[in-house]
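J.: This is the structure I have questions about; it appears just below.
Since every read-out is calculated from the coordinates, none of them should be taken as a lab result. Predicted model only: the values in this text are computed from it and were never measured. Virtual Cβ from ideal backbone geometry, glycine too; neighbours counted across all protein chains shown.
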Amino acid sequence: MRLTCTVNGSAQQVDDVWEGESLLYVLRERMGLPGSKNACEQGECGSCTVYLDGVPVCSCLVAAGQAEGRAIGTVEGMGSEETLHPVQQAFLDAGAVQCGFCTPGLLVATDDLVTRSLAAGAPPADAEIREALAGNLCRCTGYEKILDAVKLAAQRMAAPTTGAPR
Ligand code: FES
Ligand code: FES
C-alpha cells in the first residue's frame, strides 16, 4: 500500500508498505526516523511512544494501515539540535538520561502529561506522574530522576512555550 500521513507537521508518502507492519517499523526503517526505539515490540515498554492524532500510543502496536491519513508526532519533532524542547532540557538537567533507550518514549509521554495538566490548570502531582508514566519502563535510572525531570519540565512549561507537534 501507499501510506500517506503527516509526520511532525510534514506530509509524508511512503510506497510498498505492508499494511500489517508496525508504524514503528515504518518510522524507523522507511522514513529514516530512528528516534522512537524498539525495545519489546509488544506494547510493554513505551520506548516507541509517539503521538497519533495528539494521543500518545505505542507505535509498535499500531499497524501501518491504521496510520493512513493520520497525524503522527515523534521525538524528532520535539525541539531542535540548537534549541531543545523544555522536556528534553529538563531530562538533561535533572540527570534523567543514562543509556537513553527509554528516553524518547518518556519525552513524548511527559510532554503529553505536562501539557494536559497545565491546560487543566495545575502541574501534575507525583501520583499522576507515576500513573501516567507507568507504561514507560527504564532499566537504568530508578525513576527518581525521571520524576524530578517531569516536575522541572512542568515548572518551565508553565511559562508560555511551544509543545511538540501532535
Ligand atoms: S517497543 Fe513498543 S512498547 Fe516496547
Ligand atoms: S536510561 Fe536506560 S533504560 Fe532508561
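J.: Considering the range 39-82 alone, what residues qualify as being within 16 Å of ligand 2 (Cβ to nearest atom), assigned to a loop (DSSP other than H, G, I, E, B) and of a type in the set (A, V, I, L, M)?
T.: Answer for the range 39-82, where residues must be within 16 Å of ligand 2 (Cβ to nearest atom), assigned to a loop (DSSP other than H, G, I, E, B) and of a type in the set (A, V, I, L, M): just Ala39.
J.: Tally time: how many residues in the range 83-137 are within 16 Å of ligand 1 (Cβ to nearest atom) and either among the aromatic types (Phe, Trp, Tyr) or in contact with a strand residue (DSSP E or B) (Cβ under 6 Å, 6 or more places away or on another chain) (or both)?
T.: Residues meeting the conditions: 5.
J.: Is it true that some residue in the range 80-97 is without any contact (Cβ under 8 Å) to a residue 24 or more places away in the chain and buried (at least 22 other Cβ atoms within 10 Å of the Cβ)?
T.: Yes.
J.: Any residue in the range 25-43 that's closer than 11 Å to Ser59 by Cβ: show its pairings with residues that are among the β-branched types (Val, Ile, Thr) and assigned to a loop (DSSP other than H, G, I, E, B) at Cβ separation under 7 Å, as long as the two are six or more apart or on different chains.
T.: Qualifying pairs under 7 Å: Val26/Val17; Leu27/Thr74; Leu33/Thr74; Gly35/Thr74; Ser36/Thr74.
J.: In this structure, does Glu19 turn out to be of a type outside the set (Phe, Trp, Tyr), more than 19 Å from Leu106 (Cβ to Cβ) and assigned to a helix (DSSP H, G or I)?
T.: No; evaluated as a whole, the condition is false for this residue.
J.: Only one residue in Arg139, Arg156, Arg116, Arg130 is part of a loop (DSSP other than H, G, I, E, B) and charged (D, E, K, R), so which one is that?
T.: That would be Arg139, the only listed residue that is part of a loop (DSSP other than H, G, I, E, B) and charged (D, E, K, R).
J.: Additional query: Which is touching a Gly at 6+ places or on another chain (Cβ under 8 Å) and within 16 Å of ligand 1 (Cβ to nearest atom), of Val62, Val55, Val26, Val50?
T.: Sole residue among the options that is touching a Gly at 6+ places or on another chain (Cβ under 8 Å) and within 16 Å of ligand 1 (Cβ to nearest atom): Val50.
J.: A further question on this structure: What are the pairs, 6+ residues apart or on separate chains, where a residue within the range 52-63 that is free of Cβ contacts under 8 Å to residues at least 60 places away in the same chain has its Cβ under 8 Å from a residue that is within 13 Å of ligand 1 (Cβ to nearest atom) and aromatic (Phe, Trp, Tyr)?
T.: Once the first residue is free of Cβ contacts under 8 Å to residues at least 60 places away in the same chain and sits in the range 52-63, no partner that is within 13 Å of ligand 1 (Cβ to nearest atom) and aromatic (Phe, Trp, Tyr) comes close enough.
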